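What follows is a short report on a single structure.
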Amino acid sequence: MINPYSNRKYIIGGIFIAFALIFVFRLFYLQIIDSSYKFSADNNSQRRITKYPARGVIYDRNGKILVFNEAAFDLMVIPQQTKLFDTVDLCHILEIEKNEFTKKFKDAKLYSTYRPSVIVSQISSKTYAILQEKLFKFPGFFVQGRTLRKYPQPIASHILGYVGEVDPKIVAENAYYKQGDYIGISGIERTYEKFLRGQKGVSIFMVDVHNKIMGSFAEGKFDTAAVIGTDIKTTIDANLQLYGEKLMSHKKGSIVAIDPSTGEILMVVSSPSYDPGLLVGRIRSTNYVNLLKDTLKPLFNRAIMASYPPGSTFKLVMALIGQQEGVLNANTRYPCSKGYAPLGGHPKCHPHASPLDLSNAIGHSCNSYFSYVFKSVIENKKYHNTYVAFEAWRNLALSFCIGKKTGSDFSYELRGNIPSIKYYDKIFGKRKWKASTVISLGIGQAEMGITPLQSANVVAIIANRGWYYIPHIVKSIGSNTNDTTLARFKIKNYTLITDTNIFLNVIRGMSDAVESGTAAALKIEGISFCAKTGTAENPHGKDHSVFVAFAPTNNPRIAISVLVENAGYGATWAGPIASLIMEKYLTGKIKRADLEKHIMETNLIGD
Amino acid sequence: MKRKINIFKSTDWLIVCLYIILVILGWINIYAAVYNEQYSSIFDFSQRYGKQLVWIGAAFIIALTIFLFDSNFFSFFTWPIYGVMLFFLISVLIFGKETNGQRAWFELGSFRLQPSEFMKFATNLALAKFLSSYNFKIKNIRSLFFIGLIIFLPCGLILLQNDTGSSLVYLAFVFLLYREGLTPYVLFFALMTIILFLIAMLVDKLLIIQILLILAPIVFFLLNTKIKIVGIGIGIFTVAVALFYGINAVFAYKYSTYYVFFAALFLSAIIILIIANKKRIAFASMIMIFLVSSVTFTFAVNYIFTDVLEKHQQDRINELLGITSDPLGTGYNVNQSKIAIGSGGFAGKGFLQGTQTKFNFVPEQSTDFIFCTVGEERGFIGTVVVISLFTIMLLRLIFLAERQRSVFSRIYGYGVASILFFHIVVNIGMTIGLAPVIGIPLPFFSYGGSSLWSFTILLFIFIRLDSNRFESLA
């Protein structure tokens, strides 16, 4: 059989031979001519030791340390490099059970026979000293230096957050992290992880068969130095934070205090809290599970993640919006007959003189008055209809960061809520509702929700007569005071209220509340301040006690929001706590020792 | 009885021996690669060499079984076999177990099977069947279309499994097709593609277009020696460049010089082609088409590289071409592999004495990078022996294929050689830094049941066909 293409077998065969020759030449070059691949230590093996840098130290606003590091040592193993060894001896040195060790060793082999695994983490320096001398007996084992978080005082756990082993999902996505690395999981540790973590380094050593380090590989050509984490200075006042946590002991709730002139958060208390030291090192996982199981939810940061009805605090915003919209002025008077008469006495109100002007209405926190204000805002003739007016009202409220994230540097900040037209259309039918249907929005109830942080920010806005800096917890990163990460905290933000005088009327009302109104019992000697009590209706139980204030009235230095869950009237619990904190912050001492003792010792949780 | 004796006599024992030697050498190297003092028994089935022994035993049984079939069986049942394998490829996309981002494996308990491995011999059978069919003509467009379908159907399905390496293997059939009469331009074109790709990757695209523009008239002059026509061509091009440059400047478009040249080339190419056709100027059209397609190709390479290839694929190519160098990152595998092979020297470090391949500095050391162990422990002598064994096997396959009287058997034989050749070149090339890192196994050497069995089936079907060469004419 004649095949016209039969000669092509030579071409194909030729190609096969050509490639074989190319490969042989290449191998000749690699294996015989080029000497760069034949380093002297041929029969040694490499060991890569990761150099973990210490995380950055976190300071309070006065340079007091909130969290620093202590040395710890992990015993590592590379199963493939181990030889037969005396398990009992090793367990004896490490002071652990043989079963536990065997199990860990098996896990390590399952994970990988040639990658290092942690066998015993966080060995004490005493054990480390003994182990170091005997390590030659255990080839394949070596010690890796680490650092652990340490807290001088058990405070500010929610602000600082905690550090833990990195999640496999993050390892898969981010090339920097390797299994077993630590990463910031919440709080500042998480938000500022990039700065705090520093940069890992690696040393590559040559190790002989007896586990002895013979020197660095290729004269350290491939080694990289570890870069220590950047220190962070927070805006927190450690003393105030400690004081706040003491006042809130045995109570559920939160305190947020802001320096209105800078937007710096002075303290964030979420109670009940936990000792941040519980979530460090070997004890972390058991403690974490216990904290997670606790019905009082100590891991939950109420200050930024819990949304409460703003209650009568919102009346302040209502007063500002009313004036802005031109339907309210300082002399506007509305009647009150133990409630809002047009709707048969609902919402209800407590007994007081009637009718009241704006400042007295704030001072006495009149529900009827602000229902009238809300109605006039929503039925404002200057708008085409109710819904346009509602949208205008909503936008004004949103400009106070109510129902909108403040943009602070907390992870997991909650948005809160101001219901939208769409929401009510769904509930009542399209455009089948009006001002009186949703009247309780005027007094900060119904579906409205605000976090304690947002509430403190509203007070800061009023204290500043109309502007705010985004509340934040970090003052500076490292020695760089102009870090771009923090640039957004240096920009002044304004609300949609256009006239400063509008604020003055409200401030007068808040001042009245302290001088002669609902907060009259909370005066601080030598300091005039402005406040507003509140009671947030709680559909699940006893009402929450709410209190917002700023001090001093002129050139305010602190704006504060206190909420005590299920504690009733604002003036009873939240008020005294706020008052004591302001006194402490502004004067440095407490003159009302009895009040302080009473608050600290009262248990409102009930166990 | 008579028939069996015939088979025994007519079997090509040289290729069977080569097969057995390669499998045994492979096993020894797997043993060395994963050797660990704790597990010293070679029958320890918790270790890879223990398991590989089982795979090898099974492979021998498979090889024997193939001999029990009538040699016409494979030709008769080609299409059902091809269909069933395709079905498995589709099912693995649905029921397969996803590992390392690939959905290429069936998992039954601790047993895993990779259907794409077995698709190779089925595709080879299908091609042999189709190309050997009566009145088949390779120049027929319909035939080419059908060949494309047979090859790219499995190829596409394997791409869907995200197993780019295994799908590239199907490119190897170009050798088979070439042997059966496909125009030699295909090989030439493939070579040009590779050269242009390398140039496009390494040289700035503006420089390429300029060099080609200078080369084109020179080549034309050498072929045609009409200086006047060269002048006219250059004139047309100069006017076109001026035109586009003017447009770019006047309308203040911010196109780079490259695009000006690109557009001018296309315009002048059309004009020159029209003139050349009318005046019947020899070579002009050919050179213009070649010029334009080369420029378009280099442009396409840039586009495909940045917009079609994934990051890790770009990295591997960049690393191979020395554009970037990151010995601890993307280049880690190849760098470690070269260190291992290079440290072997002339005679190697000796059996079980390799350190670089021992502590897994070389990843995948028992599968894709098994050649490193040969290089490190057996040195230059070892690598040359292995390459020689493979080359002898490939040449022997050509020889055997050519002696077939059955066209089906001949084509199948070339298919076997093509597939083995592609695997060997890419796999060894990757370990010595001559090919990008494409995860395909070294035939008969690499650890793994699926690949060993599939290569065994692939090869032994041909040995069976060959043993029957005097009887069959089908």
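Values quoted throughout were computed directly from the atomic coordinates according to the rules given, and no laboratory measurement underlies them. All values derive from a computational prediction rather than experimental measurement. FYI the Cβ positions are ideal-geometry reconstructions off the backbone, even for glycines, and counts take in every protein chain you see.
Principal axis extents for the stretch A:46-232, Cα atoms only, whole Å, descending order, please.
Ordered largest first, the stretch A:46-232 gives principal extents of 54, 40, 31 Å.
Which order, highest average first, do A:361-373, A:262-274 follow once you tally other Cβ atoms within 10 Å for each residue and take the mean per peptide?
Numbers: A:361-373: 27.7, A:262-274: 24.5.
Highest to lowest by the protection proxy: A:361-373, A:262-274.
For the stretch A:163-283, taking Cα atoms only, what is the radius of gyration to one decimal and the Dmax to the nearest whole Å?
In Å, with Rg to one decimal and Dmax whole: 20.9, 65.
Quick one: which residues, 5+ away or cross-chain, put their amide H under 5 Å from the amide H of A:S411? H built at 1.01 Å from N.
A:G187, A:T191
Angle between the Cα long axis of helix A:98-111 and the longest principal axis of chain A, 0 to 90 degrees, nearest 10?
Roughly 80 degrees, rounded to the nearest 10.
Evaluate the relative contact order of chain B (contact order divided by residue number), counting alpha-carbon pairs under 8 angstrom at least 6 apart; express in whole percent.
Across chain B, relative contact order equals 24 percent.
Quick check on chain A: of the DSSP beta bridges with both residues there, what percent are antiparallel, nearest 5%?
On the way: 69 of 72 bridges.
Percent antiparallel among DSSP bridges in chain A is about 95.
If you take each beta carbon of peptide B:338-345 and count the beta carbons of other chains within 10 angstrom, what is the mean?
Details: counts 4, 5, 1, 5, 12, 6, 7, 7.
Counting other chains' Cβ atoms within 10 Å and averaging over B:338-345 gives 6.
Choose one of B:L171, B:I211, B:F244: the residue whose Cα lies farthest towards the positive end of the charge dipole of the stretch B:158-272 (beta-carbon charges +1 Lys, Arg; -1 Asp, Glu; about the Cα centre).
Positive-end residue among those listed: B:F244.
Round to the nearest 10 and give me the degree value, 0 to 90, for the angle of helix A:125-134's Cα axis relative to the longest principal axis of chain A.
Roughly 10 degrees between the two axes.
Quick check of the Kirkwood formula: for the protein assembly as shown, what is the inverse mean of 1/r over all pairs of different Cα atoms, in Å? Present the calculation step by step, with values, prior to reporting the outcome.
On the way: mean 1/r = 0.0275 Å⁻¹.
Across the protein assembly as shown, the inverse of the average 1/r is 36.4 Å.
I need the fraction of alpha carbon pairs in the stretch A:567-607 separated by more than 15 Å, rounded to a whole percent. Intermediate values should be presented prior to the final figure.
Working: 352 of 820 pairs.
Across the stretch A:567-607, Cα pairs with separations above 15 Å total 43 percent.
For chain B, what is the calculated [θ] at 222 nm in deg cm²/dmol (nearest 500), taking -39500 (n - 2.57) for each run of four or more DSSP H residues and dividing by its residue count?
Values: 19 runs with 326 residues, N = 474.
Using -39500 (n - 2.57) per qualifying helix, the result is -23000 deg cm²/dmol.
Convex hull over the Cα atoms of chain B, averaged projected area in nm²? Please list the in-between numbers first.
On the way: hull surface 113.1 nm².
For the Cα atoms of chain B, the hull's average projected area reads 28.3 nm².
Set the bar at 18 Å for Cα to Cα. Now go through A:K51/A:K221; A:K404/A:K432; A:K98/A:K178 and name every pair that lies beyond it. Present the calculation step by step, with values, prior to reporting the outcome.
Values: A:K51/A:K221 16 Å; A:K404/A:K432 26 Å; A:K98/A:K178 28 Å.
Where the Cα-Cα span goes over 18 Å, the pairs concerned are A:K404/A:K432; A:K98/A:K178.
Enter the mean number of other protein chain beta carbons within 10 Å of the beta carbon of each residue in A:4-11, as an integer. Don't skip to the end; give the middle numbers.
On the way: counts 1, 7, 3, 0, 9, 7, 1, 5.
Across A:4-11, the average partner-chain Cβ count within 10 Å equals 4.
Using helices alone, what [θ] at 222 nm do you get for chain A, with -39,500 (n - 2.57) per DSSP H run of 4 or more residues, divided over all residues and rounded to the nearest 500? The partial results should precede the final answer.
Values: 20 runs with 199 residues, N = 607.
Theoretical 222 nm ellipticity from helices: -9500 deg cm²/dmol.
Give me Rg over Rh for the stretch B:195-308, both radii from the alpha carbons and Rh done the Kirkwood way, two decimal places. Could you put the intermediate results ahead of the total?
Numbers: Rg = 14.8 Å, Rh = 14.9 Å.
Here Rg/Rh amounts to 0.99.
Just counting partner chain Cβ atoms within 10 Å, what average do the residues of peptide A:21-29 show around their Cβ?
Working: counts 2, 4, 12, 6, 0, 7, 15, 4, 2.
Rounded to a whole number, the mean comes out at 6.
Rank by packing, highest mean first: peptides A:561-567, B:202-208, B:248-254, with packing defined as the count of other Cβ atoms within 10 Å averaged across residues.
On the way: A:561-567: 26.7, B:202-208: 14.0, B:248-254: 9.7.
For the peptides A:561-567, B:202-208, B:248-254, the packing ranking is A:561-567, B:202-208, B:248-254.
Would you list, by chain and number, the aspartates and glutamates whose Cα falls below 12 Å from the Cα of A:K251, excluding same-chain residues fewer than 8 positions away?
Qualifying aspartates and glutamates at Cα under 12 Å: A:E565, A:E601, A:D607.
Quick one: net charge around A:K532, please, counting Lys, Arg +1 and Asp, Glu -1 for every other residue with C-beta under 14 Å from its C-beta. Intermediate values should be presented prior to the final figure.
On the way: positive: A:K315, A:R508; negative: A:D512, A:E515.
For residues surrounding A:K532, the net value is 0.
Relative to the longest principal Cα axis of chain B, at what angle does helix B:311-320 sit, 0 to 90 degrees, rounded to 10?
90
Considering only A:V459, A:T553, A:F489, whose Cα is most displaced toward the positive end of the charge dipole of the stretch A:447-568, charges sitting on Cβ of Lys, Arg (+1) and Asp, Glu (-1)?
Checking the options against the dipole of the stretch A:447-568, the answer is A:F489.
If you count the DSSP beta bridges with both ends in the stretch A:238-601, what percent of them are antiparallel, to the nearest 5? Intermediate values should be presented prior to the final figure.
On the way: 35 of 36 bridges.
That works out to approximately 95 percent antiparallel.
Tell me, what ³J(HN,Hα) does each residue in the stretch B:385-399 have, in order and in whole Hz, if you take phi through Karplus 6.51 cos²θ - 1.76 cosθ + 1.60 with θ = phi - 60° and put x for Gly and Pro?
The phi angles translate into 4, 5, 4, 5, 4, 5, 5, 4, 4, 5, 5, 4, 4, 4, 4 Hz.
Holding the Cα-Cα limit at 28 Å, pick out from A:K134/B:K349; A:K169/B:K97; A:K104/B:K51; B:K97/B:K129 the pairs that are longer than that. Working shown, then result.
Numbers: A:K134/B:K349 32 Å; A:K169/B:K97 19 Å; A:K104/B:K51 26 Å; B:K97/B:K129 33 Å.
Violating the 28 Å limit, Cα to Cα: A:K134/B:K349; B:K97/B:K129.
Starting from the Cα gyration tensor of the stretch A:389-465, multiply each eigenvalue by 5, take the square root, and state the resulting semi-axes largest first in whole Å.
Values: eigenvalues 127, 39, 20 Å².
Semi-axes from the Cα gyration tensor: 25, 14, 10 Å.
For a quick protection proxy, order the peptides A:460-468, B:303-311 by their average other-Cβ count within 10 Å, most packed first.
On the way: A:460-468: 23.0, B:303-311: 10.7.
Top of the packing list down: A:460-468, B:303-311.
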